[in-house]
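What follows is calculated from the coordinates using simple rules that are stated; it is not laboratory data. What you are looking at is a predicted structure, and each value in this text was computed from that prediction instead of being measured. Cβ: placed from backbone, ideal geometry, glycine included. Neighbour counts: every protein chain shown.
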């Protein structure tokens, strides 16, 4: 095979990986602050994808533009979930939190199944078949747009956490729970806000992925797993780690699909996960706790 | 036997004997459909008991127990289909295979200090790895599935596990009863107390001189081996195996629902949970069927809501609450 093909596949994997990274960023932010693993993460993303599809098929609204309101809807969903369901579970053992989110995930997948049925749906934008050529590399326009959007959203989130006072307060909760309570921060509300922000990330990522891949309800659990693989590879709780992990896993999957059977591609992602857990459990950029 | 039930109130023993008697007598009145549901319940009670050793006793959260079910199921079926080895002999290979897998995962995780959420995700990773791997092993059918020969059986062949539901019912009832007794003994053994110490505070346990690595390894290996037996039963009862189904994460979750809902770390938790969840699931199916409301997903939504309610209302599970109601708290 000529080198061109490898390059093309690698770049395509990199672009998809950036969107994966944004999705995983949501999970990482939630875990980093609230210390709860969101086992309904992929399911929340499929909700965003279906909203994008409904808006597109009913009103011809472009998912990339609708990304902002969809992220808003998911923010509200995340906020309500944290405030209503998860906050009482903060001090409960991990398996109890896991069970709660699994129950939420089961409900989400099957409500989507009830409403939309099991058939795959997709968005056919006017630019669905456009592509850009950079020398020998030809990439789909959809992937370029989605990846750019992912970078913009991630940058916005970084800025928020780095510079805004609310962002600083959230980081304070993550660093020292008791300390945050002592200085008078409303930790429960900040947790809800964080979960909302994590959900907004996954909402934005869902709108972007809706133009790249076909959606079915069972996609949710798969993407939950994918998000785990990415954040642990990059470093659970680390924001740059999530993006880096997303790119790494995106490229690995793309190249493994080319070199081996496409059906075996996730095997390589899981192999990377196992290696990372064993030899660098804090992730590629994470710090040791 | 007297040591086995020391400290249990008398009316608790009476209830236990009544439950066992009812289960032994059940095939006299139950038809095949009801029997199949009871088999499913006991299957989950058995597998839940096995998982509970790892999580409930030793505090190691495994979300990948489908791996051990699958390894047990595939090993015994492959031996049966390719070499005609009876499942009871197949167990002698299937159980060690799963134990070895458990030992490898445990060794890697505990040696490298992978714990908590990370450990749970490591177990998922291994199960998923096996799922995709088995999709590509043509010796056992790959993704197209692996099938055990099925025929109309007029006679029950216990040695080859070929026969009618009633035979499977008594097999799984015996397994569930044995698992219950084994867990009871384990929980009150020296090792059981070490496990509980590790579960409550691993560092303190180590400070007291408990070889935590070794005892966590024992927990994983015993749990994996017991779960493999469930896998062998699963294979010979359903006669077909698909990697996509057997190793899937949803199977792992299904296995641990009963003990979590019933009460993690309790002996009756897995049993109560299995009865409640499987009973509920079947009842919902029947009700929706009777109402002519058969849309894919409806049942699972209801199921999910019930799960949510139980998890929120009874964080320790149903059994501790039920035991208080029945006045069965252990006097020790």
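The table below gives the values:
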quantity	calculated
Estimated translational D of the protein assembly as shown in µm²/s (Stokes, Kirkwood radius over Cα pairs; 10 °C; 1.306 mPa s)	62 µm²/s
Label-point gap, in nm, between residue B:201 and residue A:175 - each point 7 angstrom along Cα→Cβ	2.9 nm
Gained length - residue B:193 relative to residue B:88, 0.36 nm times residue gap less alpha-carbon distance	34.6 nm
Highest average packing first - B:12-22, A:94-104, Cβ atoms within 10 Å	A:94-104, B:12-22
Distance (nanometres) between label positions extended 7 Å along Cα→Cβ at residue A:121 and residue B:81	3.8 nm
0 to 90° range, to nearest 10: angle between helix A:41-59 axis and chain A longest Cα axis	60 degrees
Helix A:141-163 axis, angle to chain A major axis (alpha carbon atoms, nearest 10°)	20 degrees
Taking the range A:162-289 and dividing mean pair separation by its residue count, relative contact order in percent (alpha carbons under 8 Å, at least six apart)	19 percent
For residues of B:294-305, the mean tally of beta carbons on other chains within 10 Å	5
Contour minus Cα-Cα distance for residue B:288 and residue B:309 (0.36 nm per residue)	5.5 nm
Residue B:26 paired with residue A:60, simple spin-label distance in nm, labels 7 Å along Cα-to-beta-carbon	6.0 nm
Between the range B:204-244 and the range B:51-77, the alpha-carbon center distance in angstrom	4 Å
For B:131-141, mean number of other protein chain Cβ atoms within 10 Å	2
Gaussian network model of chain B, springs between alpha carbon atoms under 10 Å - residue of B:242, B:126, B:302 with greatest fluctuation	B:302
Between helix A:3-34 and chain A: long-axis angle, C-alpha atoms, 0 to 90°, nearest 10	10 degrees
Alpha-carbon Rg/Rh ratio, for the range B:10-326, with Rh computed the Kirkwood way	0.96
Difference of contour (0.36 nm per residue) and Cα-Cα distance, residue B:104 to residue B:14	28.1 nm
